[in-house]
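Q: Submitted below is the structure of interest, expressed as structure tokens.
The values are calculated or read from the model by the stated rules, or taken from the named source; none is laboratory data. Please read these numbers as outputs of a predicted model, since none were measured by experiment. Here Cβ is always computed from backbone atoms with ideal geometry, including for glycine, and neighbour counts include all displayed protein chains. For the accessible areas, the whole protein counts, side chains as well, though only heavy atoms, and no ligand, DNA or RNA atoms are used. Shrake-Rupley method; radii C 1.70, N 1.55, O 1.52, S 1.80 Å.
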Amino acid sequence: MKIRCLLLAFATAFSFLIARSEQTVGLVLSGGGAKGIAHVGVIKALEDNDIPIDYVAGTSLGSIVGSLYAIGWSPEKMYEFFTKPDFLYWADLLGVYLDFAFNSLVGELNRTLHSVGLPLNHAQFVILQKLFIKDGQSQSDIARSVGKDRAGISRSLNALEENGFIRRQAVSGSKNGIFLTEKAIENRGKITEAINIATTKAREGITDEEYELGIKFLKKIHSNL
């Protein structure tokens, strides 16, 4: 009986050691727009060094690369796909250029806000604009209207409160409303002035017809997605 128990214990321990020795490799691919194509080179380097990939996950373009690899696409096939003119047109014009344009406009607005003496950034500006339309909204309402969750706007709300632009006040039970302060109302003209300056600079050299086409283009993308 003792011998049988010893054999069973040895077999169990041996199988455990074998399982521990069989390592698996998980690959996580980040985003990064067109730069995410570099993931293809990473996968090829792993294959060239005989490093197997058992699991793959990713976000943004990394999820596209990971999905293509998961269904059997080789690095060579992915490289051929990502370097096609149609894909480069999408990546360069729609992906990169829209990202550049948005970031440039946000940066210009931030600089303009500071130039008129307002310690605000784009995210805080957006929240104030929402409150100018309807004061006393809850944090959840504001977050939903800007396409984020409550945590996503907490930092901006805290900064606005610290700088005296908003105050929180209970409206029903434990529910708080976000209200504009006198300081925010008094500076509404400066805030409007800042966005006008930034957008006017952004529109330099753009005709009214081009501007309207651009608005239609962006609205169409929004409706499609």
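Q: Along its principal axes, what span do the Cα atoms of the stretch 37-189 show, with the longest given first and each in whole Å?
A: Here the spans come out as 64, 38, 24 Å, largest first.
Q: Using Cα pairs under 8 angstrom and six or more residues apart, how large is the relative contact order of the stretch 67-225, in percent?
A: Relative contact order for the stretch 67-225 comes out at 20 percent.
Q: Where does the charge balance sit around Gln169 when Lys and Arg score +1, Asp and Glu -1, over other residues with C-beta under 12 Å from its C-beta?
A: +1
Q: Subtract the Cα-Cα distance of Gln129 and Glu80 from 0.36 nm times their separation in residues, and report this length gain in nm to one decimal.
A: 13.1 nm
Q: Under 1.5 on a/c is rounded, so check that first for the stretch 110-225, then, if it is not, pick prolate when a/b is larger than b/c and oblate when it is not; a ≥ b ≥ c are the square roots of the alpha carbon gyration tensor eigenvalues.
A: Since a/c reaches 1.5 but b/c is at least a/b, the shape of the stretch 110-225 is classed as oblate.
Q: Note down the nm distance, to one decimal, between modelled labels 7 Å out along Cα→Cβ at Thr200 and at Ile71.
A: Simple spin-label model gives 5.1 nm for this pair.
Q: Would you list, by chain and number, the lysines whose Cα falls below 29 Å from the Cα of Lys148, excluding same-chain residues fewer than 8 positions away?
A: Qualifying lysines at Cα under 29 Å: Lys35, Lys130, Lys134, Lys175, Lys183, Lys190, Lys201, Lys216, Lys219, Lys220.
Q: Among 126-133, 77-84, what's the highest-first ranking by average C-beta atoms within 10 angstrom per residue?
A: Packing order, densest peptide first, comes out as 126-133, 77-84.
Q: Express the carbon and sulfur contribution to the solvent-accessible surface of the stretch 174-225 as a percent, rounded to the nearest whole number, probe 1.4 angstrom.
A: With neighbouring chains kept in place, the figure for the stretch 174-225 is 55 percent.
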